[in-house]
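The structure under discussion appears below in the form of structure tokens.
The values are calculated or read from the model by the stated rules, or taken from the named source; none is laboratory data. Everything quoted here is computed from the prediction, not taken from an experiment. We place every Cβ from the backbone using ideal geometry, glycine too, and count neighbours over all the protein chains shown. Protein only, heavy atoms only, side chains kept; ligands, DNA and RNA dropped before computing areas. Shrake-Rupley method; radii C 1.70, N 1.55, O 1.52, S 1.80 Å.
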Amino acid sequence: MPLLQPPSDDLRPSDLTYTHAYNSIVSRVRRRGGQGSGGVVILAGTDVDGLLAARILASLFKNDDVPYRLVPVGGYAELEARKDEALASEELHTLILLSLGSLLTLSSYFDLPPAVNLHIIDSHRPWNLQNLYGFDVEVGDDGQGGTGEGRIWVWGDGDEYSEAMDNVRKSWEALEYEPSDSGSSDDDDSEDDDASEDEPEEEEDEDDEDERDGEEEGANGESSRQARKRRKGGSQEPRPKKRKENDDKPRKLPRAVRDAHYDRIQRYYETGTSYGQSVALTVYLLATVLERADNDILWYAILAVTHQYIASRIDRERYEGYQAIFQDEVVRLNHDSLGPGGVKAPNPDDRSIARSEELRFMLFRHWNLYEAMLHSGYVAGRLGIWKEKGRKKLQGLLAKMGFSLQQCQQSWAHMDMELKRKLPEKLDSIAPEYGLIELSYPSFTRAYGFQLSSLSAADAVEVISSLLDIAVGVRLEVDRQGGKGGGEWFGGTTRWNVGTREAEASKGDGKENVDPNDRGEDGPDGTQAEKKKEDWHVTNFWIAYDACDDIALIRHSLPLAMTLHRSIIRAGSALLDKTIIRTLRTFRLAILKEGPDLRLFSHPATLSRLALWLVDATRDRWAEKLAKQAGNGGKVKALPFVVACLNEDKGTYSVVGVTGAPEFGDVRKNKFGLAFQQAAEESGAGAKHDMFDTSVVEVAQEDLQQFIESLHLRSG
């Protein structure tokens with residue numbers, strides 16, 4: 001299986017990069033001239049990263065006249081159906097997985113026909129090691145021979161060649177290619193004691209020792225010591241000849257060495273899930289090498305990395321590393337045209353990207369300053385805004401900066417220009433008194449001519465992710481344009497309707513603004529209605545896909561993102577204020593059983609957002625409490641949080657687990673994926689693991705209690 005590396009100047013000529021894989025796809029299309037769009041099939045995960053990567057890859061294929069078919073996939077059950085549908089086509093020669101599949105054993109899961117290649121680009125970690133280090137050679141159309149390259153192309157991010165992963169590779173190969181029947185069990189037992197001297201260290205961090213070298217030295221040393229003992233004992237048996245014959249054959253690993261290799265592999269999988277390089281950034285790096293980069297696909301890559309950062313998938317250090325790459329690309333692709341006096345001239349076609357400092361206030365350019373600060377997870381955690389005392393602190397901060405509450409509740413566009421200009425300076429001088437230190441981070445904004453003065457990457461991500469989650473399928477009331485509390489003519493609320501072609505089609509099918517009590521006319525079991533509900537994520541995917549380059553749709557959908565964050569604040573404040581959150585021995589637990597937003601949070605993505613907000617809101621107090629319990633010198637490593645929400649229609653609970661870091665901006669690996677699987681098995685609870693994010697599980701309503709009890713014991 002070819003393991004591809006990112007393009008770099010210090011690679012050897014024999015190293016395979018993204019360019020080799022892309023050229024392979026294009027050449028296969030050229031060799032099969034006249035094929036339709038079924039030759040190249042893209043299966044994209046229905047998350048922000050997969051969506052944006054699909055946009056970039058589609059742009060590259062369009063430039064090279066490569067016909068393709070893009071299919072959104074929301075979970076493993078749907079992947080099974082879409083996989084069978086794609087593989088049944090005789091036209092298929094290339095299957096591409098975007099933002100899914102890293103944990104699957106691809107060679108066995110996809111029964112690839114001869115001469116069909118599979119490409120996987122995924123940021124979910126850990127990898128299934130079989131995908132990285134396995135062996136699968138391509139065969140030709142006649143089944144006799146091919147290019148000699150593997151049929152499964154893994155697009156890595158470079159971390160697969162680190163020293164830690166090199167040790168994991170050696171352990172995997174030692175176990176994978178160990179002889180099955182050389183040597184007897186008695187020989188293994190006799191070798192265990194001496195071989196244990198060469199056993200790899202079993203520390204929590206990855207080892208630096210080469211196990212295979214130690215294993216060979218241990219085996220050779222064992223043979224020489226046994227020979228010396230026999231000579232000292234006066235043994236005259238002609239054993240050396242037999243031993244020489246055996247030495248020519250592969251020998252089984254000593255049991256201690258084998259166990260050490262196995263433990264290392266287990267530690268690799270059990271350390272938890274994390275995220276590697278963004279899928280969209282991976283495809284963008286390919287575009288730069290092909291010299292196809294432009295502002296549109298650069299913007300998509302920026303949005304993907306920004307989403308990883310604000311969703312706590314990568315830490316501040318990695319984000320700033322990617323930021324440095326983007327800054328160079330922005331300078332290369334954007335040239336300011338300055339008018340007289342050094343002022344940038346207005347241009348209706350301006351689509352430039354510029355560097356900026358982004359405040360951690362939610363959608364503040366399109367909301368008002370007070371609401372934007374109130375709905376910020378960072379501000380919520382530092383000030384405790386779910387209590388009246390915390391809101392008074394926020395008002396006191398604004399007053400101390402010289403900002404009247406009336407001005408701060410004006411929309412940002414109508415706020416006093418002088419106050420907007422002074423805001424960063426005032427925050428730097430006064431906000432630290434309230435514990436607000438990291439109020440900004442480096443980011444980018446993009447101009448949209450006369451349609452919109454500028455749109456920040458963070459704001460675009462909030463809108464796109466909201467459309468991806470809840471564009472259709474949930475009944476919502478959003479603010480009407482015209483102001484706050486102005487009645488029907490001057491504001492108020494209205495039912496959300498995205499108004500796109502896809503949404504109108506779904507509305508005709510009954511997918512939008514569905515009455516939760518309406519089971520449809522498809523019989524008592526409502527099977528047809530259930531089928532329609534399962535298709536919502538596909539409709540949402542295409543709506544968000546269109547929004548990537550439709551600024552009118554972005555502007556229209558801003559109230560949807562605001563409504564979502566109001567719901568998060570409302571639900572999170574209720575959980576904190578009513579002390580519904582239970583502090584267990586190894587994690588905190590919150591269960592949503594009632595409330596106006598129950599249907600909204602039955603969606604795993606929105607429930608994960610609520611869980612992250614709860615971690616931000618309780619981080620400082622929680623970490624301080626755990627540090628006191630640990631005693632002097634105690635260090636808090638992680639802040640695990642489990643949130644469950646009742647889905648009344650299905651009679652199940654959606655359960656998500658997040659692992660927060662004690663310091664804002666840090667990220668910890670999420671260990672709930674494996675813990676959820678083990679808890680479901682041990683408790684016998686009815687659980688469904690269908691999401692590509694392993695830290696999400698659906699549990700039967702009557703089994704939640706025993707599932708949580710088993711999880712509590714297991715995660716200890």
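Per the listing Arg365, Arg351, the residue uniquely within 17 Å of Ser443 (Cα to Cα), outside the structural domain of Gln407 (by the TED database) and open to solvent by 10 Å² or more (accessible area, probe 1.4 Å) is Arg351.
For the range 28-132, please list each of the helices (runs of 4 or more DSSP H) lying entirely inside it that holds at least 1 residues being closer than 30 Å to Lys170 by Cβ. Full working, then the answer.
Numbers: elements: 48-63, 76-87, 106-109.
Fully inside the range 28-132 and qualifying: 106-109.
Answer yes or no: is there a residue in the range 16-24 that is closer than 23 Å to Leu112 by Cα, in a helix (DSSP H, G or I) and over 27 Å from the mean Cα position of the chain (by Cα). Scanning the range 16-24, I find at least one residue that is closer than 23 Å to Leu112 by Cα, in a helix (DSSP H, G or I) and over 27 Å from the mean Cα position of the chain (by Cα), so the answer is yes.
Taken together, the residues in the range 674-694 that are part of a loop (DSSP other than H, G, I, E, B) and in contact (Cβ under 8 Å) with a residue 60 or more places away in the chain amount to 6.
Can you say whether Ser567 is outside the structural domain of Gly665 (by the TED database) and either without any contact (Cβ under 8 Å) to a residue 60 or more places away in the chain or open to solvent by 30 Å² or more (accessible area, probe 1.4 Å) (or both), as far as the supplied structure shows? Considered against the rule, which asks whether it is outside the structural domain of Gly665 (by the TED database) and either without any contact (Cβ under 8 Å) to a residue 60 or more places away in the chain or open to solvent by 30 Å² or more (accessible area, probe 1.4 Å) (or both), Ser567 comes out as yes. Could you check, for the range 707-714, whether at least one of its residues is open to solvent by 40 Å² or more (accessible area, probe 1.4 Å) and hydroxyl-bearing (Ser, Thr, Tyr)? No: zero hits. Within the range 294-322, restricting attention to residues that are of a type in the set (Gly, Ala, Ser) and buried (at least 21 other Cβ atoms within 10 Å of the Cβ), the residue that is farthest from Val48 (Cα to Cα) is Ser312.
For first residues located in the range 99-112 and aromatic (Phe, Trp, Tyr), partners that are open to solvent by 10 Å² or more (accessible area, probe 1.4 Å) and modelled with pLDDT under 95 and lie 6+ apart or on another chain with Cβ distances below 8 Å form the pairs Tyr109/Lys83; Phe110/Lys83; Phe110/Leu87. Within the range 51-77, being touching a residue at least 60 places away in the same chain (Cβ under 8 Å) and within 17 Å of Leu104 (Cα to Cα) holds for Gly74, Gly75, Tyr76, Ala77.
Quick grid of which residues meet (1) of a type in the set (A, V, I, L, M, F, W, C); (2) open to solvent by 20 Å² or more (accessible area, probe 1.4 Å); (3) assigned by the TED database to the domain that holds Glu648; (4) at pLDDT below 90:
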| residue | (1), (2), (3), (4) |
| --- | --- |
| Leu584 | yes, yes, yes, yes |
| Ala611 | yes, no, yes, no |
| Leu614 | yes, no, yes, no |
| Thr618 | no, no, yes, yes |
| Ala623 | yes, no, yes, yes |
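Of the set (1) over 21 Å from Asp690 (Cα atoms); (2) open to solvent by less than 20 Å² (accessible area, probe 1.4 Å); (3) of a type outside the set (A, V, I, L, M, F, W, C), all apply to Thr606 but (1).
Considering the range 15-69, the residues that are β-branched (Val, Ile, Thr) and in contact with a Ser or Thr (Cβ under 6 Å, 6 or more places away or on another chain) include one that is nearest to Ile297 (Cα to Cα), namely Val48. Does Val658 meet the test of being β-branched (Val, Ile, Thr), within 30 Å of Gly435 (Cβ to Cβ), open to solvent by 10 Å² or more (accessible area, probe 1.4 Å) and not in a strand (DSSP E or B)? Taking the combined requirement at face value, the residue does not satisfy it.
On the stretch given as the range 86-128, residues that are surrounded by fewer than 21 Cβ atoms within 10 Å (Cβ to Cβ) and within 26 Å of Arg668 (Cα to Cα) total 6. Pairs, please: C-beta under 8 Å, at least 6 apart or cross-chain, first residue among the acidic types (Asp, Glu) and in the range 296-323, second open to solvent by 10 Å² or more (accessible area, probe 1.4 Å)? From the range 296-323, the pairs are Asp296/Ser59; Asp296/Arg351; Asp296/Asp549; Asp315/Gly665; Asp315/Asp666; Asp315/Val667; Glu320/Pro442. The sole residue among Val279, Val257, Val289 that is of a type in the set (Val, Ile, Thr) and touching a strand residue (DSSP E or B) at 6+ places or on another chain (Cβ under 7 Å) is Val279. Val40 meets all of the listed conditions (1) out of contact with any strand residue (DSSP E or B) (no Cβ under 9 Å at 6 or more places or on another chain); (2) open to solvent by less than 10 Å² (accessible area, probe 1.4 Å); (3) over 21 Å from Leu468 (Cα atoms) but one, namely (1).
Of the residues making up the range 432-462, those that are of a type in the set (A, V, I, L, M) and not in a helix (DSSP H, G or I) are Leu436, Ile437, Leu439, Ala447, Leu452, Leu455. Remark: pairs (first residue in the range 633-655, in a strand (DSSP E or B); second residue charged (D, E, K, R); Cβ separation under 6 Å; 6+ apart in sequence or on different chains) = Phe641/Arg588; Leu646/Lys593; Thr652/Glu698; Ser654/Glu698.
Residue-level check: of (1) touching a residue at least 24 places away in the same chain (Cβ under 8 Å); (2) open to solvent by 20 Å² or more (accessible area, probe 1.4 Å), Val697 misses just (2). Given Tyr76, Tyr133, which one is in contact with an Asp or Glu (Cβ under 7 Å, 6 or more places away or on another chain) and open to solvent by 50 Å² or more (accessible area, probe 1.4 Å)? That would be Tyr76, the only listed residue that is in contact with an Asp or Glu (Cβ under 7 Å, 6 or more places away or on another chain) and open to solvent by 50 Å² or more (accessible area, probe 1.4 Å). Looking at the range 83-138, which of its residues are more than 19 Å from Val279 (Cα to Cα), of a type in the set (Val, Ile, Thr) and modelled with pLDDT of 90 or more? Result: Thr105, Val116. Restricted to the range 254-270, and to residues there that are closer than 28 Å to Ser695 by Cβ and of a type outside the set (Phe, Trp, Tyr), the residue that is most open to solvent (accessible area, probe 1.4 Å) is Glu270.
Name every residue in the range 406-420 that is closer than 19 Å to Leu452 by Cα and open to solvent by 80 Å² or more (accessible area, probe 1.4 Å), in order of residue number. Passing the criteria: His414, Met417. State whether one or more residues within the range 369-392 are polar (S, T, N, Q) and open to solvent by 50 Å² or more (accessible area, probe 1.4 Å). For the range 369-392, residues polar (S, T, N, Q) and open to solvent by 50 Å² or more (accessible area, probe 1.4 Å): absent.
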